[in-house]
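Input: a single structure, listed below in structure tokens.
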Number of protein chains: 2
Amino acid sequence: MATVKMTTKREPSDEPEILELESFLPYRLYRLADAVSREFSRIYKDRHGLTRPEWRTLAGLGQNGTMTATALGEQSAMHKTKVSRAVAELERRRWLTRTPDEKDRRIEHLTLTGAGLAAYREMVPLAKAFEQELLARLSTDERTAITNGLGALKEALSKD
Amino acid sequence: MATVKMTTKREPSDEPEILELESFLPYRLYRLADAVSREFSRIYKDRHGLTRPEWRTLAGLGQNGTMTATALGEQSAMHKTKVSRAVAELERRRWLTRTPDEKDRRIEHLTLTGAGLAAYREMVPLAKAFEQELLARLSTDERTAITNGLGALKEALSKD
DNA sequence: GAAAACTGGTTTCATTTGTAACCATTGAAA
DNA sequence: TTTCAATGGTTACAAATGAAACCAGTTTTC
């Protein structure tokens, strides 16, 4: 009996599986978000020395007016401790004030002061400009692609 | 002379600018990446108690074989201190070994041990399954949208 | 109406991170 | 050669984070 071929061309399922990081969705997403966020953070970090939670708190209150801490956490997807600390710091700067709720004394309503509002108004155009500049480098198709893609992915993630 | 109307309908450029966080690209991107990453982290955190830098180091070495710490940092966009610490921990677990370079004694070549490789091989299918499951919830169009969108945005960001 | 469960928010502690200083080695300049 | 700048990598320190315990207050339940 003749010798048989002992090595065969590997089937795809045969070969040790390798994960290509560069094209792996969670990784691509994270890397990009990190890069964008880092760039963007200059706007609030360099100018006012804000942290991201502080910036988000400011942005939330600027956008919605008076809010409670829990609401802030929900809107901007921050852990309650982050919110708590951010609020404390903005209060220290006198950028916001707390008003205890009359009915439920656990709750505080947060509002930007004049100074807080001024800072917010100063930063909004910068934020918008940043986004515009980024989007301007994309074609129309690419812009809709990223917008829709992110939307769809968010949907996909939520129905779990 | 009759009284004149003192309040007029605000022009868009007139009204105090507001930033809608929900549709603001950096925010959308970050929130989504964070959610996906958090979900995904279960695969390496729950099972082996790895941190993200550790997982990325493992993934880098598993994918590319021997690498230097700097190369790892570049591939997976990690600061050198993160890499250093992740490598130290994986070495402690005996999942990788360091081999000093003969020519340049500053450099160490990192390679997974059998145990490291085993862990890698165990996690790769889980990672792929996670990604597949996520993508499976999208339509074909949505899949290409997110893929192309992220690619385009990455390009846009790099040419700065 | 007291005890138990829950909720809004803060604090404590351990872990993770980023920045900058640092060591050792190498390469370029003088 | 000696000196100086650059590079690979680690370490020390301060700041940011997350988990869990905590302290009011509030609602539910019995």
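The values are calculated or read from the model by the stated rules, or taken from the named source; none is laboratory data. Model, not experiment: these values are computed from the prediction. In this analysis, Cβ positions are derived from the backbone assuming ideal geometry, glycine residues included, and neighbour counts consider all displayed protein chains. For the accessible areas, the whole protein counts, side chains as well, though only heavy atoms, and no ligand, DNA or RNA atoms are used. Shrake-Rupley method; radii C 1.70, N 1.55, O 1.52, S 1.80 Å.
Spin-label model, residue A:70 to residue A:139: label points 7 Å out along the Cα-to-beta-carbon direction sit 4.9 nm apart. Each residue of segment A:122-138 was assigned a 3J(HN,Hα) from its phi angle through the Karplus expression (A = 6.51, B = -1.76, C = 1.60, θ = phi - 60°), giving 6, 7, 3, x, 5, 4, 4, 4, 4, 4, 4, 4, 5, 5, 5, 7, 9 Hz with x at Gly and Pro.
At a threshold of 8 angstrom on Cα-Cα distance, excluding pairs fewer than six apart, so keeping six or more, what relative contact order does chain B reach in percent? Once divided by the residue count of chain B, the mean separation gives 17 percent. In nanometres and ascending order, the distances from the residue B:64 label point to those of the other copies are 4.3 (point 7 Å from Cα along Cα→Cβ).
Solvent-accessible surface of protein heavy atoms, probed at 1.4 angstrom with all chains present, puts B:48, A:79 in the order A:79, B:48, largest first. For the pair residue A:81 and residue B:17, a Förster radius of 22 Å applied to the C-beta separation gives a FRET efficiency near 0.10, rounded to the nearest 0.05.
Rounded if a/c is under 1.5, else prolate if a/b is larger than b/c, else oblate: which is segment A:64-160, with a ≥ b ≥ c the root eigenvalues of its Cα gyration tensor? Oblate is the answer for segment A:64-160, as a/c is 1.5 or above yet b/c matches or exceeds a/b.
Across segment B:84-101, computed HN-Hα scalar couplings (Karplus, 6.51 cos²θ - 1.76 cosθ + 1.60, θ = phi - 60°) run 3, 5, 5, 4, 4, 5, 5, 5, 4, 6, 6, 9, 8, 10, 9, 10, x, 6 Hz from first to last residue, x flagging Gly and Pro. Distances, shortest first, from the label point of residue A:85 to those at the same position in the other copies read 1.4 nm; the point lies 7 Å along Cα to C-beta. Sorted shortest first, the separations between the residue A:114 label point and its copies elsewhere in the assembly read 7.5 nm; each point sits 7 Å from Cα along the Cα-to-Cβ line. Here each label is just a point 7 Å from Cα along the line to Cβ, and for residue A:47 and residue B:128 those points are 4.7 nm apart. Checking the cross-link pairs B:103/B:128; A:82/B:80; A:154/B:82; A:82/A:128 against a 31 Å limit on the alpha carbon distance flags B:103/B:128 as lying beyond it. Note on residue B:45: aspartates and glutamates with a C-alpha under 13 Å away, same-chain residues under 8 apart excluded, are B:54. Applying the Kirkwood pairwise sum to the alpha-carbon positions of the protein assembly as shown produces a hydrodynamic radius of 22.9 angstrom.
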